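The values are calculated or read from the model by the stated rules, or taken from the named source; none is laboratory data. All of these numbers come straight from a predicted model, not from anything done at the bench. Virtual Cβ from ideal backbone geometry, glycine too; neighbours counted across all protein chains shown.
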Amino acid sequence: MRTSVDLHNFLQMREIPHEISLVEISTRTAALAADSLGLDRSEVGKTLIIDVDGKPLVAIIPGDRRIDIRKLRALTGAGKVRMVEPDDVVNLTGYVLGGTPPIAHANEMPIFLDHRLLGIPVLYTSGGQINTILKIKPIDLIEVGGAQIADLADDGRI
């Protein structure tokens, strides 16, 4: 199983500025992560693994939003779009559920970043374990992951 050390090494080898912090409570959800850091949920990125016509991709959306399957279907031209099963997330990424970072996965997958995350100077996401947080600039995440900018999230806040 991969950990925050693997994520750190991946970013360090590519000279991407970042911080990985250990927190005292679980950060398995965006709400827990935001609460533990004293942040608004919009500053925390959710990393979702989505099956698009049988091929996985990574979608990173604000923590205060849900993925909009219709938008993702229109963006990719896919017929069938669904969330990847939890066991498959672990197999595809190499990370434990609730600790999946947006990059440095066991398998290469296209990465899509919701455009709303460009409006914040620093993004907080899962850091490779359920009690770690990755702090990274959205522009650095785009650079290191080759992420495409898109409108992925629903238009309401949760």
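Residues that are more than 14 Å from Ile130 (Cα to Cα) and under 13 Å from the mean Cα position of the chain (by Cα) occur in region 66-79; there is at least one.
Can you find a residue that is under 13 Å from the mean Cα position of the chain (by Cα) and free of Cβ contacts under 8 Å to residues at least 40 places away in the same chain anywhere in region 116-137? No, because not a single residue in region 116-137 is under 13 Å from the mean Cα position of the chain (by Cα) and free of Cβ contacts under 8 Å to residues at least 40 places away in the same chain.
Among residues of region 73-99 that are of a type in the set (A, V, I, L, M, F, W, C), those with a Cβ under 7 angstrom from a residue that is assigned to a loop (DSSP other than H, G, I, E, B) and surrounded by fewer than 15 Cβ atoms within 10 Å (Cβ to Cβ), sequence gap 6+ or separate chain, pair up as Ala78/Asp53; Val89/Leu97; Val90/Leu97; Leu92/Ala106; Leu92/Asn107; Val96/Met1. Taking first residues from region 10-35 that are among the basic types (Lys, Arg) and partners that are buried (at least 16 other Cβ atoms within 10 Å of the Cβ) and not in a helix (DSSP H, G or I), the Cβ contacts under 8 Å between residues at least 6 apart in sequence or on separate chains come to Arg28/Gly98; Arg28/Gly99; Arg28/Ile130. Just one of (1) assigned to a helix (DSSP H, G or I); (2) surrounded by 14 or more Cβ atoms within 10 Å (Cβ to Cβ); (3) out of contact with any helix residue (DSSP H, G or I) (no Cβ under 8 Å at 6 or more places or on another chain) fails for Ile130. It is (1). Among the residues of region 134-143, not a single one is assigned to a loop (DSSP other than H, G, I, E, B), in contact with a Gly (Cβ under 7 Å, 6 or more places away or on another chain) and under 17 Å from Val5 (Cα atoms). The number of residues in region 5-33 being at pLDDT below 90 and of a type outside the set (Val, Ile, Thr) comes to 7.
Among the residues of region 34-57, the ones that are modelled with pLDDT of 95 or more, among the small types (Gly, Ala, Ser) and over 17 Å from the mean Cα position of the chain (by Cα) come to 1 in all.
Report, by residue number, each residue of region 1-18 that is assigned to a loop (DSSP other than H, G, I, E, B) and either out of contact with any Gly (no Cβ under 9 Å at 6 or more places or on another chain) or buried (at least 18 other Cβ atoms within 10 Å of the Cβ) (or both).
Applying the first criterion (assigned to a loop (DSSP other than H, G, I, E, B)) to region 1-18 yields 1-3, 14-18.
Passing the criteria: Arg2, Arg14, Glu15, Ile16, Pro17, His18.
Taking first residues from region 56-69 that are over 15 Å from Thr29 (Cβ atoms) and partners that are basic (Lys, Arg) and surrounded by fewer than 19 Cβ atoms within 10 Å (Cβ to Cβ), the Cβ contacts under 9 Å between residues at least 6 apart in sequence or on separate chains come to Ile69/Arg82.
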